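One structure is given here, and the rest of the page talks about it.
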């Protein structure tokens, strides 16, 4: 409901007629003239910048993307990033240039920018951007008649390469943070997460220590989400509390920066860091300002088009589905992520608790595995030599789980457990290869899902609601054979979004819904009601578990956990 004392929506819900009606149907371009209000949702993800545009009944009228490697090859990225050992970054100007390219694509389609009422967005969580002292002037003075946006902002950054969520170069800073704050459990209870290498607080601590000049030359630090909002505003956008929860800096209970953490991560310059971060925004639907005149004059946006806080891709995905307790979203993308909505914070050392992006008093839990889609592709390429996934899927279909064979596949430095490398065990003995090397195809999928199940079970240990349904999204959600293994491991039905879209752009869709919700708040100050029963109409059943397989996987869990401990010990030697 709308709380008039705070100006916030505390019970975020939709009527059954408003909630993502006919989600898979697109309004034809020729019907633009019949539409009055449009709402834009962006998603600056790892490999692409995406946009979803909806109208008043949440029908998707347009989706478009810019693929970084393919369309911006001059920046030299691979899978959207530049990797140098443990340092994984992205050229900040590439993100700026991608925005112009995306909007040009829409302009070429004669998109009616003047009908866009609200803009929101999402960004890959944990990426950080460092603005120079010249940035405020450069942002406010961008001119449609001058050079492209990226050229006008080339001096706007004190750090040219933005650390991304894949970066794992701050282990020293993580250990120091946990030591000085009093241990990992203290940090978890304050911020919802233990210290992680990709979290912005630790990235800042590294910058302060290794490049203090860059830190002093930084006027503002943005997350990827607030960075994108800043471009649209022409002035600094605040970090919203949901995305800000993934920084090891925000107290999830007070919804404010924690002074002790600011002090540790800034080498004692607590006040300076607070200034560079700005105050976090607790109202996810607040009007931050109008779209900058650059976008009005160059693309035809209405000068009254409003910008609201952008959030992280995971919070935006949560909005896209607005799951009820008992359901879990599992996103199978570049990384694999599980999202669960909770009414209270129940932090564990292997999960994250973040503030809800819209409901002030709620939280959601998140479990992240860095080794997701890229690791699956590596195993596919190594053992099947077939980029179509046909041979990979045939192996999954024709094979059965083998209790004695367990693999761990950490192509990238994994988060939890903190490990890197590939480890295979047969009857608890480390082996170089399975007897049937094709078993790696099944083992990599089993390992990923077993790890996720174990972490979810720990997270819900003291929670009265258990998982009843899995909603699968992301690129690999389209692979029925992979999804079937997911159902078997969890012993739970798996559902997928209806229609052609199949949840692939759930973050940008969630951002667009967030923009529409902000419009309702501004225009009508009305309660927005949710009918959970109607949500089922937007999903289709995908996979029923084979409970014989589920029993095998349940029997593997204890041994899996012991072998995981062994892997961690091997890594520490």
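Nothing in this text is a laboratory measurement; each read-out follows from the coordinates by a stated rule. Quantities reported herein were computed from a predicted structural model and do not represent experimental measurements. Heads up, the Cβs are rebuilt from the backbone with ideal geometry, glycines too, and the neighbour counts pull from every protein chain shown.
Counting neighbouring Cβ atoms within 10 Å and putting the fewest first, the residues 254, 77, 343 line up as 254, 343, 77. Here each label is just a point 7 Å from Cα along the line to Cβ, and for residue 394 and residue 555 those points are 3.0 nm apart.
Based on C-alpha pairs under 8 angstrom that are at least 6 apart in sequence, the chain has a relative contact order of 17 percent.
Could you give the length gained on full extension between residue 287 and residue 35, defined as 0.36 nm per residue of separation minus the Cα-Cα distance, in nm?
Values: separation 252, 0.36 × 252 = 90.72 nm, distance 2.29 nm.
Here the answer is 88.4 nm.
For region 257-291 and region 223-248, compute the distance between their C-alpha centroids and round to whole Å. First find each Cα centre; the distance between them is then 10 Å. Which residues among region 555-573 fall inside the zone where the amide N is under 16 Å from a point 7 Å beyond the Cα of residue 422, along Cα→Cβ? Backbone N within reach: none found.
Find the centroid of the Cα atoms in region 383-422 and in region 305-336, then give the distance between the two in whole Å. With region 383-422 and region 305-336 each reduced to a Cα centre, they are spaced 27 Å. Contact order, relative form, for region 27-313: 20 percent (alpha carbon pairs under 8 Å, 6 or more residues apart, mean separation divided by residue count). The length gained by stretching the chain between residue 548 and residue 565 to full extension, at 0.36 nm per residue less their Cα-Cα distance, is 3.4 nm. Label separation (residue 403 vs residue 175): 3.9 nm, computed from points 7 Å beyond Cα along the C-beta direction. Its DSSP H runs of at least 4 residues, each contributing -39,500 (n - 2.57), put the calculated 222 nm mean residue ellipticity of the chain at -11000 deg cm²/dmol, to the nearest 500. Highest mean packing first, where packing is the average number of other Cβ atoms within 10 Å per residue, the peptides 230-237, 105-112, 516-523, 560-567 line up as 230-237, 516-523, 560-567, 105-112.
Peptides 40-46, 451-457, 307-313, ordered by how many other C-beta atoms sit within 10 Å of their residues on average, highest first, read 307-313, 40-46, 451-457.
For a quick protection proxy, order the peptides 48-57, 386-395, 289-298 by their average other-Cβ count within 10 Å, most packed first.
Values: 48-57: 22.4, 386-395: 15.6, 289-298: 19.5.
The peptides rank, most packed first, as 48-57, 289-298, 386-395.
Note on residue 219 and residue 303: the model spin-label points, each 7 Å out from Cα along the C-beta direction, lie 2.5 nm apart.
What ranking do 95, 495 get, fewest neighbouring Cβ atoms within 10 angstrom at the top?
On the way: 95 25, 495 20.
Sorted ascending by nearby Cβ count, the order is 495, 95.
In this calculation the C-beta distance from residue 457 to residue 386 is compared with R0 = 41 Å, giving a FRET efficiency of 0.75.
Once you order the gyration tensor axes a ≥ b ≥ c over the Cα atoms, which shape class does region 27-313 get: rounded for a/c under 1.5, otherwise prolate or oblate by comparing a/b with b/c? Prolate.
Residues of region 162-186 falling in the label zone of residue 79, defined by backbone nitrogen less than 11 Å from a point 7 Å along Cα to beta-carbon, are 166.
Which order results if 350, 432 are arranged by neighbouring Cβ count within 10 Å, fewest first? Could you put the intermediate results ahead of the total?
Working: 350 19, 432 5.
Ordered from fewest to most neighbouring Cβ atoms within 10 Å, 350, 432 come out as 432, 350.
Extension gain, residue 431-residue 263: 0.36 nm per intervening residue step, less the Cα-Cα distance, totals 55.8 nm.
Rounded to the nearest 0.05, the FRET efficiency derived from the C-beta distance between residue 541 and residue 137 at R0 = 41 Å is 0.15. At an R0 of 51 angstrom, the distance between the Cβ atoms of residue 468 and residue 70 translates into a FRET efficiency of 0.80.
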